[in-house]
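Here the structure is laid out as structure tokens; the discussion comes afterwards.
The values are calculated or read from the model by the stated rules, or taken from the named source; none is laboratory data. A quick note: this is a predicted structure, and the numbers were derived from the prediction, not measured. Here the Cβ positions follow ideal geometry from the backbone for every residue, glycine too, while neighbour counts run over all protein chains shown. Protein only, heavy atoms only, side chains kept; ligands, DNA and RNA dropped before computing areas. Shrake-Rupley method; radii C 1.70, N 1.55, O 1.52, S 1.80 Å.
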Amino acid sequence: MKRITKGISNFLNTRLGFVILAVVLYTLKTIYAYETKFNLGVKGSIQTFLMIINPIPVMLLLFGISLYMKGRKSYIFLLIIDFLDTVWLFSNILYYREFSDFLTMVLIKGSGSVSNNLGKSILGILKPSDFLVFIDVIILILLLAFHVIKMDVKRLNWRIPVLISSLAVLLFGANLTLAESDRSQLLTRTFDNNYIVKYLGLNVFNVYDMVKTTQTNAVKSQAKSSDIDSIEKYMKDNYVQPNVEYTGVAKGKNVFIIHLESLQQFMIDYKWDGQEVTPNLNKIYHEDDTLSFDNFFNQVGQGKTADAELMLENSLFGLPEGSAMVTDGTTNTFQAAPAILDQEAGYTSASFHGDVPSFWNRDNAYKSWGYDYFFSSNYYKEKKSYNVGYGMKDKIFLRDSAQYIEQLPQPFYAKLITVTNHYPYTLDKKNQTIEKTDTGDKTVDGYVQTAHYLDQSIGEFMAWLKETGLDKNSMVVLYGDHYGISNNHKKAMSKLTGIKGFNEFNDAQYQRVPFMIHMDGLKGGINHTYGGEIDVLPTLLNLLGVDNKNMVQFGSDLLSSEHSQVVAFRNGNFVSPTVTKVGGTYYNTKTGKVDKKISKTEKEKLSNRVTTELSLSDRVINGDLLRFHKLPGFTTVNKKDYSYKKSTALKELKKARKKNGTSLLAQNDNKSMVDLYQTDAPELSSDK
Ligand code: GP9
Ligand code: MN
């Protein structure tokens, strides 16, 4: 025993021993911070393992630099690095407490508008335990000061530092590989800052953030104001006159945008085990005052939900790689639905979502879009049983959103983002009210169950709108954001759809998602026009009586006879009523057969149209060109005017209640109407 202690103590008295000790201590304190100061959403053994070890490669690399030096300098260098990195960790702890996100270059540089009033409230949120992260630095200093560890000032054999640096790089490679195996496309899809920290650590996130920001900034700084000219010309040349029969029919109404997570059109009217999977949506779909579209496609890329949100509210395409909401959402200028409706028609806007605010960078992008409120998971009562997958279960989420909806000054534009019907489609027993399908594909078979659950939650929500009378002065828009069953499950899809040999052509057709506009008195029916998410904003603006003539929008009114029915997918494929292009193959949309008759000129015409639209839209986002686009009567959104801090939002709502009294609550003599909300969510009944 004595020999072991002696051995350890001898090792610690070497330079290498000291570096290893520093790495171990740093790792321990980081685990403490990860566990108690952040909410990284670590699930399962691989993620836990990675969270524990992810500081090691970087710290070994950084502290290892000291081994290239000799004498006291080496120790001092290590301590300075340790201290500075800890100051950085400490700042992130404080920032995270307030904003549930990590510091980024854009925020540090302030970019004028997005600094979130940093600094102001720091003192108020400081906790004594935050200082514990400095403990390793203090321990190391004390160990040296009291000569428990003596400095080893000899020059080291050059092989040792080189070996340590190489080891660090190797370990980082292993860390990255393991992370990618658990979460593929971690770095390219850019989901959430929390993810990168969870898998690769805070320091790696910072480097990643710096590289990304530098890349995007370079393109933006090269862009000139004249770059918008060609875009404006394209808009003018391709402008589609909206359908005047529908202009303004929803003027002044509240707007509900209900995001149906991963819901595909084929679920509408679909039956499994003798039961309708989506009975409530089916009912809305067939109602006379619902405009339903059965040839409406999702057009998302890697950004999935984020791309859908971007298209719906900006009529701009997502980027070919990553998510524009993440890479450009914080800094770019937008002319988005919430801001347009606020400025044109005095709407209050709010987005509701039962996940953390940082996912898809919503907490920042929404400010750029002019959202007055963002009710994210920290506005809702949290309980373990309330969550599944990415966030709150839809029934509880929608029920608990009612308390905020009733406080919004009317007219409002409210977007509710559901999430239970999300891959991998898991749901607890109590909430399963339809059998799983029997394709034998585990990922697919739960889909009808979560879709059924989503449908029930919508039924409950619509019933509440009716109870409160909100249905009379609201337009409800429902849409599926993207596919639920990906291209990798063709066999299972073949079983579900009865299509033999489900192929690439079929997969393209199954990119159809629901899109319905429901409003009392609306001239509805099932509309067969081909269109997609890019067309939603122009369609809605026309219904709301807002002229989009001078706006930069790549879609057009779905109800207009001039509407182009060539629906672009993000990878350059497309679907139209006659031709479907997948890869290099052109199919006849009606027959599903390879179309040999289609002429080369026709192919080129269609393809060019699609690629032109996509690349022009990319230019707008990559170059931040909307900052140069003067929209008459529209003032550029000032992100500084927005805060999604819970206390601020609640105060704001209270003020609004008194000032103009247009909220549902105010109109009901400040008596809450939340009790009218009926839900059969089992988690809530056991609460009582
Ligand atoms: C998470 C949710 C999921 O907040 O919106 O996004 P997705 O994985 O569907 O893109
Ligand atoms: Mn989604």
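Mean separation of Cα pairs under 8 Å and 6+ residues apart, divided by the residue count of the stretch 253-378: what relative contact order is that in percent?
On the way: 141 pairs, mean separation 20.8, N = 126.
Normalised by residue count, the contact order of the stretch 253-378 is 16 percent.
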Name the shape class, rounded, prolate or oblate, that the alpha-carbon gyration tensor gives for the stretch 341-381, where a ≥ b ≥ c are the square roots of its eigenvalues, rounded holds for a/c under 1.5, and otherwise prolate holds if a/b is larger than b/c and oblate otherwise. oblate
Per-bin percent of Cα-Cα distances, the chain [10 Å]: 3, 14, 23, 24, 18, 10, 6, 3, 0, 0
Rounded to 5, the percent of DSSP beta bridges in the chain classed as antiparallel: 45
Please compute, for the alpha-carbon atoms of the stretch 464-618, the extent along each of the three principal axes and give them in descending order in Å. 53, 42, 27
Contour minus end-to-end for Ile76 and Thr188, with contour as 0.36 nm per residue of separation and end-to-end as the Cα-Cα distance? 36.5 nm
Could you give the nm distance between label points at Lys127 and Asp641, where each point is 7 Å from its Cα heading toward the beta carbon? 3.5
Net charge around Tyr390, counting only other residues with Cβ within less than 9 Å of its Cβ (Lys, Arg = +1; Asp, Glu = -1)? -2
Under 16 Å Cα to Cα from Lys283, which aspartates and glutamates show up? Leave out anything in the same chain fewer than 8 places away. Asp269, Asp294, Asp455, Glu460, Asp471, Asp520
Quick check: pseudo-label points 7 Å beyond the Cα along Cα→Cβ at Glu35 and Gln565, how many nm apart are they? 6.1
Put +1 on the Cβ of every Lys and Arg and -1 on every Asp and Glu Cβ in the chain; which of Ser323, Ser181, Gln241 then has its Cα farthest towards the positive end of the dipole? Ser181
Roughly what angle does helix 72-99 make with the longest principal axis of the chain, taking Cα atoms, 0 to 90 degrees, to the nearest 10? 30
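Can you give me the Kirkwood hydrodynamic radius for the stretch 297-387, using every pair of distinct Cα atoms, in Å to one decimal?
After inverting the mean inverse Cα-Cα distance, the result is 13.7 Å.
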The percentage of the accessible area of the chain (probe 1.4 Å, all protein chains present) made up of carbon and sulfur atoms, to the nearest whole number, is 57
Using a 1.4 angstrom probe, figure out how much accessible area the chain has per residue, in square angstrom, rounded to the nearest whole. 43
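Beta carbons within 10 angstrom, averaged per residue: use that to sort the peptides 254-260, 75-81, highest first.
Details: 254-260: 23.1, 75-81: 17.4.
My ranking of the peptides, most packed first, is 254-260, 75-81.
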Using Cα pairs under 8 angstrom and six or more residues apart, how large is the relative contact order of the stretch 2-220, in percent? 33
Do you know the relative contact order of the chain, to the nearest whole percent, from alpha carbon pairs under 8 angstrom that are 6+ apart? 19
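Can you show me the helix-derived [θ] at 222 nm for the chain, built from DSSP H runs with n ≥ 4 at -39,500 (n - 2.57) apiece and divided by the number of residues, rounded to the nearest 500. The partial results should precede the final answer.
On the way: 28 runs with 314 residues, N = 688.
After summing the helix terms and dividing by residue count, I get -14000 deg cm²/dmol.
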Rounded to the nearest Å, what's the spacing between the alpha carbon centres of the stretch 211-249 and the stretch 440-480? Just the number, please. 34
Rg (one decimal) and Dmax (whole number) from the Cα set of the stretch 351-477, in Å, equal 15.7, 49
Using the alpha-carbon atoms, what tilt in degrees (0 to 90, nearest 10) does helix 227-237 show relative to the longest principal axis of the chain? 20
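Taking 0.36 nm per intervening residue step and subtracting the Cα-Cα distance, what contour gain separates Glu344 from Thr426 on full extension?
Values: separation 82, 0.36 × 82 = 29.52 nm, distance 4.23 nm.
Additional length available on full extension: 25.3 nm.
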With x for Gly and Pro, the residue-by-residue ³J(HN,Hα) of the stretch 376-384, computed from phi through the Karplus equation 6.51 cos²θ - 1.76 cosθ + 1.60 at θ = phi - 60° and given in whole Hz, is 9, 3, 6, 8, 10, 5, 9, 8, 4
Neighbours of Tyr677 by Cβ distance under 13 Å: Lys/Arg at +1, Asp/Glu at -1, summed charge -3
Stokes-Einstein, Kirkwood over Cα pairs, the stretch 2-220, 4 °C, 1.567 mPa s; D in µm²/s equals 69
Against the longest principal axis of the chain, how steep is helix 646-659, in degrees 0 to 90 to the nearest 10, with axes from Cα atoms? 40
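Treating only the Cβ of Lys, Arg, Asp and Glu as charged (+1, +1, -1, -1), what charge dipole size does the chain show about its Cα centre? Round to the nearest 20 debye. Intermediate results must be reported in sequence, preceding the final value.
Numbers: 78 positive and 70 negative charges, 608 e Å.
Computed charge dipole of the chain: roughly 2920 debye.
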Protection proxy ranking, peptides 598-610, 324-336, average beta carbon neighbours within 10 Å, highest first: 324-336, 598-610
